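Working notes for the structure below.
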Amino acid sequence: MSKIKVHEYKENNRDEWEDFVLKSNNGTMFHNQSFLDYHEKGKFNFHHLMFRDGDELVGVLPGGLQENGTVFWSPTGASYGSIVTKDIPFNLALEIVDSLLDYSREHNYHELFVIPPPLIYSHVYNQHIEYAMLYRKADFELHYISHAVPLTNGNYFNNIDAKARRIIRKIIREDKIKVVESTDYDAFYPILVKNKAKFGVKPTHTLEDLYKLHELMPQNLKLFLAYYEDKPIAGSLLFLANKKVALCFYIMLLYEYNELHPAFIVQNESIRWAQENGYEWFDIGVSQDTTAEDPMTPAQSLIYFKERFNARGILRSTYHFKLSD
């Protein structure tokens, strides 16, 4: 039996939880209770866990229960989950994973699904938790491919595709499109809805969700809007996931203005802002074809657009434990 004790998160643990995520090695805004608060009460059956070595908090795990309380998912209602820790040695990582499995069996969970943030989100590269899960015979449910731009090798603009540079310089020279920082989600959201509808999907967030997130975590959201003749025609919304990675959660344009290439200038201004503000990576998000039967099918044209900005493929994997039939 692991010496690590596991208990369910309660509201009186909020300050301790938030402080731990802030000072952790791999925590993101998606692990914060303040992020999860944007969900309407009762929408999910949240069941967050805390791991203690004696009195010391050594890990937290946001998550929720499905299938009548028999299946645990981390994250629930967020993009990334899994166990948040400091930069810990392997023996502690294994004890934490073992304590999670013990807790899960004691509570009759049949399955666990865990989605860690990609390695680039860790301040010190350390995959002890992931290896411990694999050592305890986790398998993989899915792998998604994300794409992220490295920002630590000089001016990122010099590393992007030559044609993309020419397009961006032409837009800047002609000065017909203005990109501004904004909090006008009312202007952004119709672009988002119309863009998503082209692919037969709806945005992950409602307009009310975005305003609620901005109210809860204003320091973690950064909105850019591109205007042409005083009309918003494109935009990007960044989630500043932690001090290392800026995640472009949405980049959108009105396709009737596609010949003006507004997505290029919005992307450029977003990445430039991230580099100037000390971020090491600009994550442009997953690159899957949402219309395909196989959820792992890559969206080739989307990947090509991201690669023009010097983006690299980053795996986002779902770890899976089957504990009983």
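No lab work stands behind these numbers, since they all come straight from the coordinates. All figures in this text were calculated on a predicted structure; none of them were measured in a lab. Note that we place each Cβ from the backbone using ideal geometry, even for glycine, and neighbour counts take in every protein chain shown.
Determine the calculated [θ] at 222 nm for the chain from helices alone, applying -39500 (n - 2.57) to every DSSP H run no shorter than 4 residues and normalising by the residue count; nearest 500 deg cm²/dmol.
-9000 deg cm²/dmol
Quick one: order 217, 133 by neighbouring beta-carbon count within 10 Å, fewest to most.
With the fewest neighbours first, 217, 133 line up as 217, 133.
Using only alpha carbon pairs under 8 Å that are at least six residues apart, calculate the relative contact order of the range 148-315 and give it in whole percent.
31
From Cα pairs below 8 angstrom and at least 6 apart in sequence, can you work out the relative contact order of the range 66-200, rounded to a whole percent?
Result for the range 66-200 is 23 percent.
Placing unit charges on C-beta atoms (Lys and Arg positive, Asp and Glu negative, everything else neutral), compute the dipole magnitude of the chain about its Cα centre in debye, rounded to 20.
1080
Nearest 10 degrees, 0 to 90: what angle lies between the long axis of helix 207-216 and the longest principal axis of the chain (Cα atoms)?
Tilt of helix 207-216: around 70 degrees.
Could you grab the relative contact order for the chain? Cα pairs under 8 Å, six or more apart, rounded to a whole percent.
22
At what distance in angstrom do the alpha carbon centres of the range 31-88 and the range 138-156 lie from each other?
So the separation of the two Cα centres works out to 23 Å.
Checking the table 137/222; 212/243; 196/244; 43/322 against a 30 Å threshold on Cα-Cα, which pairs fail?
In this structure, 137/222 lie more than 30 Å apart at Cα.
Can you give the angle from 0 to 90° between the axis of helix 90-106 and the longest principal axis of the chain, with both taken from C-alpha atoms, to the nearest 10?
Roughly 70 degrees, rounded to the nearest 10.
Are there trypsin sites (Lys or Arg not before Pro) in the range 1-64 that DSSP puts in a loop and that have at most 14 other Cβ atoms within 10 Å, and which ones?
Answer in residue order: 3, 10, 41, 43.
Give me 228, 185 sorted ascending by neighbouring Cβ count inside 10 Å, so fewest comes first.
Placing the least packed residue first, the sequence is 228, 185.
Of 183, 155, 168, which is farthest along the charge dipole of the range 79-212 in the positive direction, counting Lys and Arg as +1 and Asp and Glu as -1 at C-beta?
Farthest along the dipole direction, towards plus: 168.
Hey, if you put +1 on the Cβ of every Lys and Arg and -1 on every Asp and Glu Cβ in the chain, which of 112, 251, 78 ends up farthest toward the positive end of that dipole?
With unit charges placed on the Cβ atoms, the residue in question is 251.
Kindly express, to the nearest 10 degrees and within the range 0 to 90, the angle between helix 262-276's C-alpha long axis and the longest C-alpha principal axis of the chain.
Tilt relative to the chain: about 60 degrees.
Compute the FRET efficiency between residue 259 and residue 71 as 1/(1 + (r/R0)^6), taking r as their Cβ-Cβ distance and R0 = 45 Å, and round to the nearest 0.05.
0.40
Could you pull out the GluC sites (Glu not before Pro) across the range 1-60 that fall in loop regions by DSSP (anything but H, G, I, E, B) with no more than 16 other Cβ atoms inside 10 Å?
Loop-located and lightly packed - 40.
Work from the charge dipole of the chain (Cβ charges, +1 for Lys and Arg, -1 for Asp and Glu, about the Cα centre) and give the residue of 238, 89, 226 farthest towards its positive end.
Value: 226.
Please label the shape of the range 48-134 as rounded, prolate or oblate, based on the square roots a ≥ b ≥ c of the eigenvalues of the alpha-carbon gyration tensor (a/c under 1.5 means rounded; beyond that, a/b larger than b/c means prolate, else oblate).
Verdict is oblate for the range 48-134.
Evaluate the distance, in nm, between pseudo-label points positioned 7 Å from the Cα of residue 323 and of residue 140 along their respective Cα→Cβ axes.
2.4
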